[in-house]
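The values are calculated or read from the model by the stated rules, or taken from the named source; none is laboratory data. Computed from a predicted structure; not experimentally measured. Here Cβ is always computed from backbone atoms with ideal geometry, including for glycine, and neighbour counts include all displayed protein chains.
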Amino acid sequence: MTTQNERIVLISGTAHPALAQAISRELGVPLANAHIGRFPDGEIDIKVFDDIRGADTFVIQPTCPPVNDNWIELLLLLDTLRRASAGRITAVMPYYGYARKDRKDEGRVPISAKVVANTMVAGGADRVLTLDMHAAQIQGFFDVPVDHLYAKPVLLAGVRNMGIESPVVVTPDVGGIKMARAWAKALGADLAIVDKRRISGSEIAVEHVIGEVGGRNVILVDDMISTGGSISEAARIVRKEGAKKIVIAVSHAVLCGPAVERLDSCPADAILATDSIPQRGKLPHQFQVISIATLLARAIHNIHRCESVSSLFEEIG
(Lines give C-alpha, C1' and ligand atoms only; values in the text may rest on other atoms or scores of the structure.)
Protein backbone atom coordinates (compact mmCIF):
# COMPACT_ATOMS: atom_id res chain seq x y z
CA MET A 1 0.00 0.00 0.00
CA THR A 2 1.40 3.43 -1.04
CA THR A 3 1.52 6.02 1.73
CA GLN A 4 1.88 9.80 1.69
CA ASN A 5 5.53 9.52 2.67
CA GLU A 6 6.26 7.40 -0.39
CA ARG A 7 4.42 9.35 -3.08
CA ILE A 8 4.81 12.96 -4.18
CA VAL A 9 2.50 14.71 -6.65
CA LEU A 10 3.22 18.02 -8.38
CA ILE A 11 0.38 20.00 -9.90
CA SER A 12 0.84 23.20 -11.90
CA GLY A 13 -1.64 26.00 -12.17
CA THR A 14 -1.62 28.23 -15.24
CA ALA A 15 0.20 31.16 -13.55
CA HIS A 16 3.73 29.93 -14.28
CA PRO A 17 3.88 26.57 -16.11
CA ALA A 18 7.54 27.07 -17.15
CA LEU A 19 8.67 27.28 -13.52
CA ALA A 20 6.54 24.25 -12.61
CA GLN A 21 8.14 22.26 -15.43
CA ALA A 22 11.63 23.30 -14.29
CA ILE A 23 10.85 22.19 -10.73
CA SER A 24 9.49 18.92 -12.11
CA ARG A 25 12.74 18.30 -13.99
CA GLU A 26 14.84 19.10 -10.91
CA LEU A 27 12.88 16.62 -8.79
CA GLY A 28 12.50 13.97 -11.48
CA VAL A 29 8.77 13.93 -10.75
CA PRO A 30 6.32 14.47 -13.63
CA LEU A 31 3.56 17.02 -13.33
CA ALA A 32 0.15 15.49 -12.66
CA ASN A 33 -2.25 15.17 -15.56
CA ALA A 34 -4.80 17.91 -15.06
CA HIS A 35 -7.04 20.20 -17.09
CA ILE A 36 -7.33 23.86 -16.12
CA GLY A 37 -9.44 25.83 -18.54
CA ARG A 38 -12.21 28.40 -18.75
CA PHE A 39 -15.92 28.07 -19.31
CA PRO A 40 -17.41 30.40 -21.96
CA ASP A 41 -18.34 32.93 -19.27
CA GLY A 42 -14.77 33.04 -17.93
CA GLU A 43 -15.25 30.83 -14.87
CA ILE A 44 -12.40 28.41 -14.14
CA ASP A 45 -12.82 24.74 -15.02
CA ILE A 46 -10.56 22.20 -13.27
CA LYS A 47 -10.24 18.43 -13.56
CA VAL A 48 -7.39 16.29 -12.17
CA PHE A 49 -7.12 12.98 -14.03
CA ASP A 50 -4.55 11.23 -11.81
CA ASP A 51 -5.35 9.37 -8.61
CA ILE A 52 -3.93 11.52 -5.78
CA ARG A 53 -5.53 9.82 -2.78
CA GLY A 54 -3.14 9.93 0.16
CA ALA A 55 -0.36 11.63 -1.85
CA ASP A 56 1.89 14.41 -0.62
CA THR A 57 0.68 17.06 -3.05
CA PHE A 58 2.32 20.35 -4.06
CA VAL A 59 0.41 22.98 -6.04
CA ILE A 60 2.75 25.37 -7.90
CA GLN A 61 0.91 28.66 -8.42
CA PRO A 62 2.35 32.12 -7.74
CA THR A 63 -0.42 34.70 -7.25
CA CYS A 64 1.21 37.13 -9.67
CA PRO A 65 -0.66 39.35 -12.17
CA PRO A 66 -3.41 38.76 -13.10
CA VAL A 67 -3.54 38.33 -9.32
CA ASN A 68 -7.26 37.78 -8.90
CA ASP A 69 -7.47 35.08 -11.59
CA ASN A 70 -4.43 33.23 -10.24
CA TRP A 71 -5.65 33.50 -6.65
CA ILE A 72 -9.08 32.04 -7.45
CA GLU A 73 -7.48 29.32 -9.56
CA LEU A 74 -5.24 28.38 -6.63
CA LEU A 75 -8.23 28.21 -4.27
CA LEU A 76 -10.13 25.96 -6.68
CA LEU A 77 -7.09 23.71 -7.11
CA LEU A 78 -6.79 23.39 -3.32
CA ASP A 79 -10.46 22.49 -3.04
CA THR A 80 -10.12 19.96 -5.86
CA LEU A 81 -7.24 18.20 -4.11
CA ARG A 82 -8.93 18.22 -0.71
CA ARG A 83 -12.09 16.66 -2.16
CA ALA A 84 -9.93 14.10 -3.99
CA SER A 85 -8.51 12.97 -0.60
CA ALA A 86 -4.93 14.15 -1.11
CA GLY A 87 -2.81 13.30 1.93
CA ARG A 88 -1.17 16.70 2.53
CA ILE A 89 -1.58 19.78 0.34
CA THR A 90 1.18 22.38 0.10
CA ALA A 91 0.60 25.63 -1.78
CA VAL A 92 3.86 26.62 -3.49
CA MET A 93 3.59 30.39 -4.02
CA PRO A 94 6.92 31.87 -5.13
CA TYR A 95 5.14 35.24 -5.29
CA TYR A 96 2.50 36.11 -2.70
CA GLY A 97 -0.01 38.59 -4.11
CA TYR A 98 -1.63 41.26 -1.91
CA ALA A 99 1.33 41.06 0.51
CA ARG A 100 1.85 44.83 0.54
CA LYS A 101 -1.44 45.36 2.37
CA ASP A 102 -0.38 43.67 5.61
CA ARG A 103 -1.83 46.09 8.19
CA LYS A 104 -4.38 48.87 8.65
CA ASP A 105 -2.34 51.96 7.87
CA GLU A 106 -5.46 54.13 7.83
CA GLY A 107 -9.15 53.82 8.64
CA ARG A 108 -11.66 51.71 6.70
CA VAL A 109 -9.21 49.64 4.66
CA PRO A 110 -8.77 45.83 4.44
CA ILE A 111 -5.80 43.76 5.54
CA SER A 112 -5.64 42.02 2.18
CA ALA A 113 -2.71 39.73 3.02
CA LYS A 114 -4.75 38.28 5.88
CA VAL A 115 -7.75 37.71 3.62
CA VAL A 116 -5.55 35.73 1.22
CA ALA A 117 -4.20 33.64 4.10
CA ASN A 118 -7.70 32.94 5.44
CA THR A 119 -9.03 31.79 2.08
CA MET A 120 -6.07 29.50 1.42
CA VAL A 121 -6.40 27.69 4.73
CA ALA A 122 -10.18 27.46 4.33
CA GLY A 123 -9.65 26.20 0.77
CA GLY A 124 -7.54 23.26 1.91
CA ALA A 125 -3.86 24.27 2.19
CA ASP A 126 -2.10 22.28 4.92
CA ARG A 127 1.18 24.10 4.34
CA VAL A 128 2.53 27.08 2.39
CA LEU A 129 5.90 27.49 0.66
CA THR A 130 6.74 31.02 -0.46
CA LEU A 131 9.66 33.28 -1.31
CA ASP A 132 10.61 36.73 0.02
CA MET A 133 7.24 37.95 1.25
CA HIS A 134 6.99 41.72 1.19
CA ALA A 135 6.36 41.56 4.95
CA ALA A 136 7.76 38.51 6.78
CA GLN A 137 5.16 38.80 9.56
CA ILE A 138 2.48 37.59 7.11
CA GLN A 139 3.59 34.10 8.14
CA GLY A 140 1.70 34.76 11.37
CA PHE A 141 -1.56 35.24 9.45
CA PHE A 142 -1.62 31.49 8.78
CA ASP A 143 -2.68 28.77 11.21
CA VAL A 144 -0.72 26.21 9.15
CA PRO A 145 3.08 25.91 8.72
CA VAL A 146 4.70 28.44 6.39
CA ASP A 147 8.14 27.88 4.88
CA HIS A 148 9.50 31.30 3.92
CA LEU A 149 12.49 31.04 1.57
CA TYR A 150 14.87 33.80 0.51
CA ALA A 151 16.10 34.49 -3.01
CA LYS A 152 19.40 35.91 -1.69
CA PRO A 153 21.39 32.66 -2.16
CA VAL A 154 20.59 32.36 -5.88
CA LEU A 155 20.87 36.10 -6.56
CA LEU A 156 24.17 36.24 -4.67
CA ALA A 157 25.54 33.50 -6.90
CA GLY A 158 24.56 35.59 -9.94
CA VAL A 159 26.23 38.70 -8.53
CA ARG A 160 29.40 36.79 -7.64
CA ASN A 161 29.60 35.41 -11.18
CA MET A 162 29.82 39.01 -12.39
CA GLY A 163 33.11 39.48 -10.50
CA ILE A 164 32.20 42.85 -8.99
CA GLU A 165 35.11 44.24 -6.98
CA SER A 166 34.72 46.03 -3.63
CA PRO A 167 30.93 46.51 -3.84
CA VAL A 168 28.74 48.59 -1.58
CA VAL A 169 25.21 47.24 -0.99
CA VAL A 170 22.49 49.88 -1.24
CA THR A 171 18.83 49.70 -0.23
CA PRO A 172 16.44 52.06 -2.06
CA ASP A 173 14.52 52.76 1.17
CA VAL A 174 14.86 52.35 4.93
CA GLY A 175 12.35 49.46 4.88
CA GLY A 176 14.90 47.28 3.10
CA ILE A 177 17.71 47.72 5.61
CA LYS A 178 17.40 44.19 7.01
CA MET A 179 17.69 42.60 3.55
CA ALA A 180 20.56 44.90 2.53
CA ARG A 181 22.44 44.19 5.76
CA ALA A 182 22.21 40.43 5.06
CA TRP A 183 23.62 41.02 1.57
CA ALA A 184 26.40 43.22 2.91
CA LYS A 185 27.37 40.60 5.49
CA ALA A 186 27.44 37.82 2.87
CA LEU A 187 29.62 39.90 0.52
CA GLY A 188 31.76 41.50 3.23
CA ALA A 189 30.64 44.83 1.80
CA ASP A 190 29.68 48.24 3.15
CA LEU A 191 26.05 49.36 3.40
CA ALA A 192 24.34 52.54 2.17
CA ILE A 193 20.73 53.74 2.22
CA VAL A 194 18.80 55.91 -0.23
CA ASP A 195 16.50 58.14 1.82
CA LYS A 196 13.24 58.66 -0.06
CA ARG A 197 9.82 60.16 0.50
CA ARG A 198 6.77 58.52 -1.12
CA ILE A 199 4.44 60.96 -2.84
CA SER A 200 1.94 58.39 -4.15
CA GLY A 201 1.72 54.70 -5.02
CA SER A 202 3.77 55.29 -8.17
CA GLU A 203 5.80 58.43 -7.37
CA ILE A 204 8.66 58.96 -4.95
CA ALA A 205 11.06 61.76 -4.14
CA VAL A 206 14.66 60.83 -3.32
CA GLU A 207 16.24 63.01 -0.67
CA HIS A 208 19.87 61.88 -0.26
CA VAL A 209 22.19 58.89 0.26
CA ILE A 210 23.27 57.79 3.71
CA GLY A 211 26.68 56.19 3.23
CA GLU A 212 29.55 56.39 0.74
CA VAL A 213 28.96 55.29 -2.87
CA GLY A 214 31.33 57.62 -4.77
CA GLY A 215 33.85 55.69 -6.85
CA ARG A 216 32.32 52.37 -5.73
CA ASN A 217 30.50 49.53 -7.48
CA VAL A 218 26.92 49.45 -6.21
CA ILE A 219 24.52 46.55 -5.72
CA LEU A 220 20.96 47.83 -5.27
CA VAL A 221 18.81 45.18 -3.55
CA ASP A 222 15.06 45.03 -2.98
CA ASP A 223 12.31 42.45 -2.66
CA MET A 224 10.38 43.57 -5.75
CA ILE A 225 10.14 45.97 -8.63
CA SER A 226 6.55 47.05 -9.25
CA THR A 227 6.33 50.31 -11.24
CA GLY A 228 10.10 50.76 -11.06
CA GLY A 229 10.00 54.28 -9.62
CA SER A 230 11.94 53.69 -6.40
CA ILE A 231 14.72 51.53 -7.82
CA SER A 232 15.20 53.69 -10.94
CA GLU A 233 15.49 56.88 -8.89
CA ALA A 234 17.86 55.13 -6.48
CA ALA A 235 20.06 54.10 -9.42
CA ARG A 236 20.09 57.68 -10.70
CA ILE A 237 21.03 59.22 -7.38
CA VAL A 238 23.89 56.77 -6.67
CA ARG A 239 25.22 57.47 -10.19
CA LYS A 240 24.96 61.19 -9.46
CA GLU A 241 26.87 60.56 -6.23
CA GLY A 242 29.70 58.99 -8.23
CA ALA A 243 28.91 55.26 -8.28
CA LYS A 244 30.67 53.24 -10.97
CA LYS A 245 28.99 49.95 -11.96
CA ILE A 246 25.37 49.62 -10.75
CA VAL A 247 23.71 46.21 -10.45
CA ILE A 248 20.09 45.84 -9.35
CA ALA A 249 19.11 42.53 -7.70
CA VAL A 250 15.46 41.84 -6.84
CA SER A 251 13.43 38.80 -5.88
CA HIS A 252 10.23 39.61 -7.76
CA ALA A 253 9.97 41.48 -11.06
CA VAL A 254 6.30 42.49 -11.19
CA LEU A 255 7.06 45.13 -13.84
CA CYS A 256 3.69 46.85 -14.10
CA GLY A 257 2.75 50.25 -15.53
CA PRO A 258 5.78 52.23 -16.72
CA ALA A 259 8.34 49.89 -15.08
CA VAL A 260 10.01 48.64 -18.27
CA GLU A 261 10.46 52.13 -19.71
CA ARG A 262 11.78 53.46 -16.39
CA LEU A 263 14.29 50.63 -15.99
CA ASP A 264 15.34 50.76 -19.64
CA SER A 265 16.36 54.39 -19.23
CA CYS A 266 17.89 54.16 -15.72
CA PRO A 267 21.71 53.98 -15.36
CA ALA A 268 21.80 50.38 -14.06
CA ASP A 269 24.32 48.18 -15.86
CA ALA A 270 22.49 44.95 -15.01
CA ILE A 271 19.16 43.96 -13.46
CA LEU A 272 19.04 40.49 -11.89
CA ALA A 273 15.64 39.05 -10.97
CA THR A 274 14.32 35.58 -10.21
CA ASP A 275 11.71 33.79 -12.28
CA SER A 276 9.14 33.85 -9.46
CA ILE A 277 6.94 35.74 -11.92
CA PRO A 278 6.78 34.84 -15.63
CA GLN A 279 7.97 37.54 -18.03
CA ARG A 280 6.00 37.50 -21.27
CA GLY A 281 6.44 40.99 -22.70
CA LYS A 282 9.21 43.44 -23.51
CA LEU A 283 11.95 43.58 -20.88
CA PRO A 284 14.58 46.19 -20.00
CA HIS A 285 17.78 45.69 -22.00
CA GLN A 286 19.78 45.09 -18.76
CA PHE A 287 17.45 42.32 -17.54
CA GLN A 288 18.80 38.89 -16.54
CA VAL A 289 16.71 36.06 -15.08
CA ILE A 290 18.09 33.87 -12.28
CA SER A 291 16.05 30.69 -11.81
CA ILE A 292 14.72 29.63 -8.42
CA ALA A 293 13.65 26.19 -9.70
CA THR A 294 16.50 24.39 -7.91
CA LEU A 295 15.81 26.23 -4.64
CA LEU A 296 12.09 25.42 -4.73
CA ALA A 297 12.74 21.82 -5.77
CA ARG A 298 15.09 21.31 -2.82
CA ALA A 299 12.53 22.86 -0.48
CA ILE A 300 9.79 20.57 -1.80
CA HIS A 301 12.10 17.56 -1.43
CA ASN A 302 12.98 18.51 2.16
CA ILE A 303 9.35 19.14 3.12
CA HIS A 304 8.37 15.78 1.64
CA ARG A 305 11.19 14.02 3.52
CA CYS A 306 10.49 15.96 6.75
CA GLU A 307 13.98 17.49 6.60
CA SER A 308 15.18 21.01 7.38
CA VAL A 309 14.11 23.82 5.06
CA SER A 310 16.12 26.47 6.91
CA SER A 311 19.29 24.78 5.62
CA LEU A 312 18.38 26.30 2.22
CA PHE A 313 18.79 29.83 3.60
CA GLU A 314 22.50 29.51 2.91
CA GLU A 315 24.06 29.75 -0.52
CA ILE A 316 23.10 27.22 -3.18
CA GLY A 317 26.14 25.15 -4.12
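List of remarks:
- Tabulated pairs, region 26-46, first touching a residue at least 24 places away in the same chain (Cβ under 8 Å) and surrounded by 10 or more Cβ atoms within 10 Å (Cβ to Cβ), second outside any strand (DSSP E or B) and hydroxyl-bearing (Ser, Thr, Tyr), C-beta under 8 angstrom, 6+ apart or interchain: Glu26/Thr294; Ile36/Thr14; Ile46/Thr80
- Restricting Ala234, Ala297, Ala270, Ala293 to those that are of a type in the set (A, V, I, L, M), within 20 Å of Arg181 (Cα to Cα) and touching a residue at least 60 places away in the same chain (Cβ under 8 Å) reduces the list to Ala234.
- Taken over region 84-105, the criterion of being of a type in the set (Gly, Ala, Ser) and over 24 Å from Asn33 (Cα atoms) is satisfied by Gly97, Ala99.
- Test: residue in region 198-221 that is modelled with pLDDT of 95 or more, in the same structural domain as Val168 (by TED's automatic domain parsing), within 16 Å of the chain's Cα centre (by Cα) and closer than 26 Å to Tyr95 by Cα: yes
- Selection within region 64-102: residues that are crowded, with 21+ Cβ neighbours inside 10 Å and hydroxyl-bearing (Ser, Thr, Tyr). The member of this set that is farthest from His252 (Cα to Cα) is Thr80.
- Per-region count, region 104-122, residues more than 18 Å from the chain's Cα centre (by Cα) and surrounded by 15 or more Cβ atoms within 10 Å (Cβ to Cβ): 3
- Among the residues of region 211-219, none qualifies, meaning not one is touching a strand residue (DSSP E or B) at 6+ places or on another chain (Cβ under 6 Å) and among the acidic types (Asp, Glu).
- Qualifying residue in region 180-191 (condition: part of a strand (DSSP E or B), modelled with pLDDT of 95 or more and not small (Gly, Ala, Ser)): yes
- The lone criterion from (1) in contact (Cβ under 8 Å) with a residue 24 or more places away in the chain; (2) small (Gly, Ala, Ser); (3) crowded, with 18+ Cβ neighbours inside 10 Å; (4) closer than 30 Å to Ser251 by Cα left unmet by Ala18 is number (3).
- For region 122-177, the set of residues classified as within 23 Å of Val289 (Cα to Cα) and among the hydroxyl-bearing types (Ser, Thr, Tyr) consists of Thr130, Tyr150, Thr171, listed by residue number.
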